[in-house]
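Student: Could you have a look at this structure, given as structure tokens, before my questions?
All of the numbers you see were taken from the coordinates with simple rules; none came from a lab. These numbers come from a predicted model, not from an experiment. Here Cβ is always computed from backbone atoms with ideal geometry, including for glycine, and neighbour counts include all displayed protein chains.
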Amino acid sequence: MITGMAHVCIGTADLRATEDFYCNVLGFERHFAFIRNGEECGFYLALPDGSFIEVFEQESTPEAANPPIKHICLEVADMDGFIDRARAQGVEVSDKSLGGDRSWQAWLTDPSGVRIELHQYTPESSQNTRVDCVLD
């Protein structure tokens with residue numbers, strides 16, 4: 001039985017930029033490092049719900065027209081406040097919009113090109129009401 005998401009793994013060509021983005025922009029905590037031959041080659045980031053993002057260094061970021069991970073979606077409590085803070089740090093974030101599921105959403109991209117969707121649920125969100133989301 002699956003009890004939750006343990007982690008998502010992201011490859012990066014720049015560990016420091018990726019750590020800065022996830023810790024200083026998104027507010028995650030660095031949990032532990034992966035060390036190979038005395039050198040850091042990756043790390044774990046802790047999310048508030050007990051799940052993790054695993055980051056590993058790689059030679060270059062693969063470019064694919066259809067990547068297996070489409071995006072990561074993170075829930076936020078204050079969409080407007082988050083957008084303001086991220087933009088103040090120079091991060092490009094889309095304006096918020098109300099999705100077909102009746103949740104507020106906005107988009108940004110990490111330094112390795114991983115798309116991140118932000119969600120702020122509303123009382124009418126399909127995630128709360130279980131009402132089907134009909135897309136045009």
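Student: Taking every pair of alpha-carbon atoms in the chain, what share in percent sits in each 5 Å bin, from 0 to the bin with the longest distance?
Tutor: The calculated distribution, bin by bin, is 2, 9, 17, 20, 20, 16, 9, 5, 2, 1, 0.
Student: Same structure, new question: Lys and Arg at +1, Asp and Glu at -1: add these up for the other residues within a Cβ distance under 14 Å of Val25 and post the number.
Tutor: Net local charge, Val25 excluded: -2.
Student: So what's the angle, to the nearest 10 degrees on a 0 to 90 scale, between helix 79-88 and the longest Cα principal axis of the chain?
Tutor: 40
Student: Still on this model: The chain: longest stretch without exposed GluC sites (Glu not before Pro) (DSSP loop, at most 11 other Cβ within 10 Å), sites themselves excluded?
Tutor: 1-58
Student: Quick check: residue separation of Asp20 and Thr122 times 0.36 nm, minus the Cα distance between them. What number comes out in nm?
Tutor: 33.7 nm
Student: Along the stretch 118-128, what does the Karplus equation 6.51 cos²θ - 1.76 cosθ + 1.60 (θ = phi - 60°) give for ³J(HN,Hα), rounded to whole Hz, x for Gly and Pro?
Tutor: Each residue of the stretch 118-128 in turn: 9, 10, 10, 6, 10, x, 8, 4, 4, 5, 9 Hz.
Student: From a point 7 Å beyond the Cα of Asp80 in the direction of its Cβ, which residues of the stretch 93-112 have a backbone N at a distance under 15 Å?
Tutor: Hits in the stretch 93-112 for Asp80 at 15 Å: 95-98, 104-105.
Student: For each of Val131, Val93, Val55, count neighbouring Cβ atoms within 10 Å of the residue's Cβ, then give the residues from fewest to most.
Tutor: Result, fewest neighbours first: Val131, Val93, Val55.
Student: How many angstrom separate the Cα center of the stretch 81-136 from the Cα center of the stretch 28-42?
Tutor: Distance between centres, Cα-based: 30 Å.
Student: Work out which trypsin sites (Lys or Arg not before Pro) in the chain are exposed loop sites (DSSP not H, G, I, E or B, at most 12 other Cβ within 10 Å) and give the longest gap free of them.
Tutor: 1-69
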